[in-house]
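The values are calculated or read from the model by the stated rules, or taken from the named source; none is laboratory data. Quick caveat, the model's predicted, so the values are computed rather than measured. All Cβ positions, glycine included, derive from the backbone under ideal geometry; neighbour counts span all protein chains shown. Protein only, heavy atoms only, side chains kept; ligands, DNA and RNA dropped before computing areas. Shrake-Rupley method; radii C 1.70, N 1.55, O 1.52, S 1.80 Å.
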Amino acid sequence: TIHPTSAGRMGRWYQEKTAGNNQIIYSFSVQGEHLLYQIDDTVTIPLSYPKEYHQYLSSTAVIQINDPVIIELYNKTVPQTNKVTRVLKAIFNCVAELKPVPFKGLTDAVTAVKLGEASCNGKSRLFVALARRANLPARLVGGTVLQNVTKRTSHQWLEIYLNGHWVPFDALNNHFAEIPENYLQLYRGDENLFTHTANI
């Protein structure tokens with residue numbers, strides 16, 4: 001079944017008493033759009049936000065904004081200013097400097113710092129942790145990067161809430177306040193696009 005929702009289109013596949021091999025084929029067309037945001041250098045970090053944004057400022061098990069490792073990195077990296085662009089550029093450069101590695105499972109923000117390397121999910125969680133520490137609401141998003149290749153992989157980046165807009169950032173692929181036309185966002189939050197079971 002396919003249902004339109006406020007967030008897009010929701011597909012549900014269900015079959016009882018399945019035996020043998022089964023296959024699902026679903027196709028769709030996408031018209032991508034390159035988005036580039038200009039952030040005014042005079043914009044400052046707000047002191048408070050409406051209640052619905054508090055979840056995007058909170059610590060989680062994998063985005064540990066109050067861990068001593070994150071606090072130390074934040075204090076060493078982020079300038080003491082309330083100017084949004086200066087704070088975000090410092091965070092972006094810090095996270096981009098981590099050695100990029102292929103995805104090998106979940107990497108939390110603290111582990112990314114300790115290893116000095118991370119895939120897209122570790123870099124994104126670290127970026128979110130540092131942004132939240134700066135009192136900037138941040139959330140993970142993900143999907144896939146559309147390319148002419150046979151192997152499809154998932155990808156994770158993040159968005160920062162600025163002046164009424166969720167602005168995208170991807171420190172792994174060097175996209176500051178922009179998203180290329182071949183990025184297909186499929187979810188928001190700290191989710192897994194694919195879950196692999198044994199022998200798959």
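Would you list Asp108, Asp190 from the most to the least accessible area, probe 1.4 Å?
Ranked from most to least accessible, the order is Asp190, Asp108.
Need one number: nm distance between label points at Gln80 and Thr60, each 7 Å from Cα along Cα→Cβ, rounded to one decimal.
3.2 nm
Counting heavy atoms of the protein chains only and a 1.4 Å probe, report the per residue accessible area for region 86-147 as a whole number of Å².
38 Å²
How large are Rg and Dmax for the chain when only the alpha carbon atoms are used, in Å?
18.4, 62
Let me have the 222 nm mean residue ellipticity of the chain computed from DSSP H runs of 4+ only, each contributing -39500 (n - 2.57), with the sum over all residues rounded to the nearest 500.
Helices in the chain give a 222 nm mean residue ellipticity of -6500 deg cm²/dmol.
Probe radius 1.4 Å, ligands and nucleic acids ignored: give me the carbon and sulfur share of the accessible area of the chain as a rounded percent.
Ligands and nucleic acids excluded, carbon and sulfur give 49 percent.
Assuming R0 = 41 Å, what is the FRET efficiency of Trp13 and Leu115, from their Cβ-Cβ distance, to the nearest 0.05?
The pair Trp13/Leu115 has a calculated efficiency of 0.65.
Considering only lysines 8 or more places apart in sequence, or on different chains, count the pairs in region 73-191 whose C-alpha atoms sit under 25 Å apart.
Value for region 73-191: 16.
Quick one: if you stick a label point 7 Å off each Cα along the C-beta vector at Glu97 and Tyr26, how many nm between them?
4.2 nm
Which percent, nearest 5, of DSSP beta bridges in the chain are antiparallel?
Within the chain, antiparallel bridges account for around 95 percent of the total.
Only residues of region 98-120 count here: report those whose backbone N is under 17 Å from the spot 7 Å along Cα→Cβ of Tyr187, or say none.
Zone members listed by number: 103-108, 120.
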